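Before anything else, here's the structure in question.
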Amino acid sequence: MLAAETLNERRRVKMNGGFLVLSHARAETLKIRLYTPEVVALPLTKDMKADTVRAIIDPTFDLATPLKGPFAASRRKLPRAFAAAVKLTKLAGLLPAAVLYQGTVRGMEIPSDAVFSFENKAVVELKLTVRAHVPLEGAENAELAAFRSGDGGPEHFAIVIDDPPTAKPVLTRLHSECFTGDLLGSLKCDCGQQLRGAIKIIAESGGGVLLYLAQEGRGIGIINKLRAYKLQDQGFDTVDANERLGFEADERLYAVAARMLQLLGYSSVRLLTNNPEKIVGLEAAGIHVTERVPHAFPANPHNRHYLRTKAEKAGHLL
């Protein structure tokens with residue numbers, strides 16, 4: 001197996017007899033018929049170059065190479081390792097595409113089941129590693145709690161403000177990390193406003209918890225989020241951009257947030273959110289949501305279309 005994104009002329013594999021495996025989302029963008037579940041497999045030919053593969057998998061090249069296809073996807077039943085390989089590229093923060101060979105799948109030494117169960121296993125093994133007092137602007141009585149899974153995966157954090165009691169629903173915000181919005185103050189999204197606004201609201205309300213989750217770009221990672229931004233500059237909205245990259249519109253899972261709350265001693269929350277999917281995700285993972293508390297901020301000229309898309313396509317209550 002080779003992540004297709006890493007393929008170049010120096011790092012070529014034997015193309016003939018192999019397959020380029022794509023997610024359904026990317027295949028639909030390329031008008032490829034979905035004969036097989038989860039992923040599609042395109043036969044590779046010996047004359048195919050790395051640049052050709054890159055143009056197929058990376059939509060930021062679509063304008064430069066618009067005449068791709070037609071493609072004839074394999075109609076045969078695919079080994080489970082094919083879907084596992086695409087999942088593995090997602091977990092690595094790469095474009096969801098892989099080069100593989102049917103029969104003996106080269107390099108796939110990780111059992112497919114281990115790939116598909118990785119995220120659930122990481123939730124089960126999540127531990128509260130350390131807590132420390134960290135005074136924040138507008139919330140001086142704040143504690144930062146760090147969580148890490150036994151697999152050494154990404155760390156998640158909780159900001160616990162004013163030590164709220166565990167016996168009643170705690171005011172809670174689930175915030176997915178956003179490097180551009182949280183740290184740089186990007187105007188393309190409302191993430192920075194939501195983060196700092198949530199800390200202020202929680203502090204003024206007498207306390208609560210903000211979970212800072214390692215789910216950049218709705219779970220696709222910072223590099224792929226920047227690719228999505230490039231597609232947005234070409235006229236695609238935030239949902240279409242993610243799907244053209246080969247991802248779901250939203251790849252986030254909320255079981256990790258539920259586990260963090262449970263480790264902190266909370267079983268019910270008043271959720272500061274506009275996203276109904278967060279309520280569904282927490283409830284499914286065993287956290288009772290007693291109330292949705294709206295959490296919206298004024299639009300600016302740079303994020304107005306983004307916010308409208310979240311409302312119209314993603315169902316956010318704005």
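The numbers here are math on the coordinates, done by the rules we state, and not lab data. Bear in mind the structure is a predicted one, so any value in this text is a computation, not a measurement. Every residue, glycine as well, gets a Cβ built from its backbone with ideal geometry; the counts of neighbours run over all protein chains shown.
With axes computed from alpha carbons, what is the tilt in degrees of helix 191-204 against the longest principal axis of the chain, rounded to the nearest 10 within 0 to 90?
20 degrees
Still on this structure: Between Glu109, Glu216, Glu248, where does the largest GNM mean-square fluctuation fall for the chain, given springs only between Cα atoms within less than 10 Å?
Checking each option, the largest mean-square fluctuation is seen for Glu109.
Around Glu119, what is the net charge, scoring Lys/Arg as +1 and Asp/Glu as -1 over all other residues with Cβ under 12 Å from its Cβ?
Values: positive: Lys87, Lys90, Lys121, Arg252, Arg259; negative: Glu125, Asp151, Glu251.
Within the 12 Å Cβ shell, the charges total +2.
Shifting gears a bit: Provide the FRET efficiency to the nearest 0.05 for the Asp162-His305 pair, computing r from the beta carbons and using R0 = 25 Å. Spell out each step's value before the answer.
Details: r = 37 Å, r/R0 = 1.48.
Given R0 = 25 Å and the Cβ-Cβ separation, E is 0.10.
Can you give the local net charge around Phe71? Use residues other than it whose beta-carbon is closer than 9 angstrom to its beta-carbon, Lys and Arg +1, Asp and Glu -1. Please list the in-between numbers first.
Values: positive: Lys31, Arg33, Lys68; negative: none.
Net charge around Phe71: +3.
Give the angle, between 0 and 90 degrees and rounded to the nearest 10, that separates the Cα long axis of helix 80-91 from the longest principal axis of the Cα atoms of the chain.
50 degrees
Sticking with the crude label model, points 7 Å out along Cα→Cβ, report the distance from Glu28 to Asp151 in nm, one decimal please.
Those two pseudo-labels are separated by 2.6 nm.
Could you give the nm distance between label points at Ile223 and Ala132, where each point is 7 Å from its Cα heading toward the beta carbon?
Distance between label points: 3.0 nm.
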